[in-house]
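S.K.: Pasting a structure below so you can have a look.
All of the numbers you see were taken from the coordinates with simple rules; none came from a lab. Keep in mind that this is a model prediction, so the values were computed, not measured. Cβ sites come from the backbone with ideal geometry, for glycine too, and all protein chains shown count toward neighbours.
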Protein chains: 2
Amino acid sequence: MEGMEEVKTCLIIGAAPLQNPHSLLSVYHLNDFVICADGGLQAAQECGICPDLAVGDFDSFQGVVPKELPVIPLNPRKDDTDMLAAVNAGLERGFRRFVLAGSLGGRLDHSYGNLCVLHHLHELGCDAVLVGEKEEAYLIGAGEVRQLDCAVGTTVSVFPYACNICNVSYAGMRYPLDHHDLFSDLHQLPMGVSNVVEESPCSIAVHSGMALVLIVKEL
Amino acid sequence: MEGMEEVKTCLIIGAAPLQNPHSLLSVYHLNDFVICADGGLQAAQECGICPDLAVGDFDSFQGVVPKELPVIPLNPRKDDTDMLAAVNAGLERGFRRFVLAGSLGGRLDHSYGNLCVLHHLHELGCDAVLVGEKEEAYLIGAGEVRQLDCAVGTTVSVFPYACNICNVSYAGMRYPLDHHDLFSDLHQLPMGVSNVVEESPCSIAVHSGMALVLIVKEL
């Protein structure tokens, strides 16, 4: 559109197992720049998404890497995770908005490593989300408010991340909070766990600390 | 044994889905005090473990709650998670050693909530571990060393928990570290991710901050 600069999203497809690979299509837009992180290439191929770039060693990849696909090879005895290497490739190309699909729902160490990648993007001021087949994860820093555009009835949990305490307010949730402390050790009532959206969009404001928001996706 | 006081373990069985319910038997000892957290009762029954106590509302429980089983009923619109309520019941009975089975491997919000319960037990000075079918989780605080009795070749990842940085040393691991900082945002090389046990037992020492250790179980 004239006078409006388009902001492209970098969609990274990770290797977390998907019961239905076509679920990827719900986060894919034709204009996205798509990077596959190692085994994520298989998921992309299974649902017909044509990536712009792939990153990995592909030592456990069952399919055929297309000859025309640009690949950044990684050493199997590597320092970076595949997901971090893919994100760095996106950052180098100037992207500031990231959707990390196939990043949750597999092994907890992989999911946790991807939370660290999400944190890295958040520290750089990027807009980013982790998307699994059954859940989504956001980070909200101090002074930030995030509107969540999810359906009424959706389960939303909020935890402190990389800190012991975060102070939050909710609007549009079943268990409302106003400038309330959440603790990472549940030593008080865990009012961050399993809240429910009552108005859409609802919103979460973080006044101090950092909050990890986990959304259970409607299937 | 005469002169030795026996330290009983409180085994809590949570509701995380198990591909093979009999995998619970690998963490069960006949002498354990067993508490089932809501749907965990089903898993216990399926592998023939007879609990001492159950906690929950059992609104989604498919089986029959035995009449002789003591039950602590929970309100469905509750403040505590089922797992926290079960842990509190164990703490009230004097237990200081906890194995929280069926606590990882389901929804990430449930797993993350259980990490908060683990943190709670750690703050109280208890010995505790989360056990899923495919992974185990420990917390190690500043000034603590934990020996891990896992097989050579086991994948072990270490992340800061409830803090931005933790300083750690490893012994017996493929990628050794000596008083090295690990960051929660991967802004440096993520040397905590996917390390490999080379000598058993290996050990992890934490000098500052707190470390979350995630072990991929041999299947």
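S.K.: Along Cα-to-Cβ, 7 Å out, sits the label point; list in nm, shortest first, how far the one on B:Gly48 is from those in the other copies.
M.R.: For B:Gly48, the inter-copy label distances come out at 5.1 nm.
S.K.: List, in order, the whole-Hz ³J(HN,Hα) value for each residue of region A:178-186 obtained from phi through the Karplus relation with A = 6.51, B = -1.76, C = 1.60 and θ = phi - 60°; use x for Gly and Pro.
M.R.: Karplus-based 3J(HN,Hα) across region A:178-186 equals 10, 6, 10, 7, 10, 10, 7, 10, 6 Hz.
S.K.: At 7 Å along Cα-to-Cβ for each site, give me the label-to-label distance between B:Cys50 and B:Leu69 in nm.
M.R.: Rounded to a tenth, the inter-label distance reads 1.3 nm.
S.K.: Right, here's the next one. Return the Rg/Rh value of region B:77-217, two decimal places, where both radii are evaluated on C-alpha atoms and Rh is the Kirkwood radius. Walk me through the intermediate numbers first.
M.R.: Working: Rg = 15.1 Å, Rh = 15.5 Å.
We get a ratio of 0.97 for region B:77-217.
S.K.: How high is the relative contact order of region A:10-133, in percent, with contacts defined as C-alpha pairs under 8 Å that are six or more residues apart?
M.R.: Dividing the mean separation by the residue count of region A:10-133 yields 29 percent.
S.K.: If we count every other residue with Cβ under 15 angstrom of B:Ser23's Cβ, Lys/Arg +1 and Asp/Glu -1, where does the sum land?
M.R.: Numbers: positive: B:Lys134, B:Lys217; negative: B:Glu46, B:Glu133, B:Glu135, B:Glu136, B:Glu218.
Residues close to B:Ser23 contribute a combined charge of -3.
S.K.: Looking at the square roots a ≥ b ≥ c of the eigenvalues of the Cα gyration tensor of region B:26-94, which shape do they give, rounded for a/c under 1.5, prolate if a/b is larger than b/c, or oblate?
M.R.: Details: a/c = 1.80, a/b = 1.17, b/c = 1.54.
Verdict is oblate for region B:26-94.
S.K.: Put the label 7 Å from Cα along Cα→Cβ for A:Glu144; what are its distances to the other copies, in nanometres, shortest first?
M.R.: 3.0
S.K.: Between region B:105-138 and region B:14-74, how many Å separate their Cα centres?
M.R.: 17
S.K.: Most exposed first by the Cβ proxy, i.e. fewest other Cβ within 10 Å, how do A:Leu214, A:Leu69 rank?
M.R.: A:Leu69, A:Leu214
S.K.: Whole-Hz ³J(HN,Hα) for each residue in region A:158-170, computed from phi via Karplus 6.51 cos²θ - 1.76 cosθ + 1.60 with θ = phi - 60°, x for glycine and proline: what do you get?
M.R.: Computed from phi, the couplings for region A:158-170 are 10, 10, x, 10, 6, 6, 7, 9, 10, 10, 9, 10, 10 Hz.
S.K.: Quick check: the angle from helix A:108-123's long axis to the longest principal axis of chain A, C-alpha only, nearest 10 degrees?
M.R.: Orientation of helix A:108-123: about 80 degrees from the principal axis.
S.K.: Grab the other residues whose beta carbon is less than 15 angstrom from that of A:Glu123, score K and R as +1, D and E as -1, and report the net. Display every interim value, and only then the final one.
M.R.: Numbers: positive: A:Arg96; negative: A:Asp127, A:Glu144, B:Asp185.
Here the charged neighbours net out to -2.
S.K.: Taking the label point as lying 7 angstrom from Cα along the Cα-to-Cβ axis, what are the distances from A:Pro17 to the corresponding position in the remaining copies, in ascending order and in nanometres?
M.R.: 1.0
S.K.: Related question: Wrap a convex hull around the Cα atoms of the protein assembly as shown, take a quarter of its surface area, and give that in square nanometres.
M.R.: Its average projected convex-hull area is 23.1 nm².
S.K.: Residues with amide H under 5 Å of A:Thr9's amide H, sequence separation 5 or more or different chain, H placed in the peptide plane at 1.01 Å from N; which?
M.R.: A:Phe33
S.K.: Of A:Val145, A:Leu182, B:His22, which is farthest along the charge dipole of the protein assembly as shown in the positive direction, counting Lys and Arg as +1 and Asp and Glu as -1 at C-beta?
M.R.: Projecting each Cα onto the dipole axis, the largest value belongs to B:His22.
S.K.: So how strong a dipole does region B:10-133 carry about its Cα centre when Lys and Arg Cβ are +1 and Asp and Glu Cβ are -1, to the nearest 20 debye?
M.R.: In debye, rounded to 20, region B:10-133 gives about 100.
S.K.: If you don't mind, another one. Let me know the mean shielding of B:152-163 by other chains, meaning the per-residue number of their Cβ atoms within 10 Å of its Cβ.
M.R.: 3
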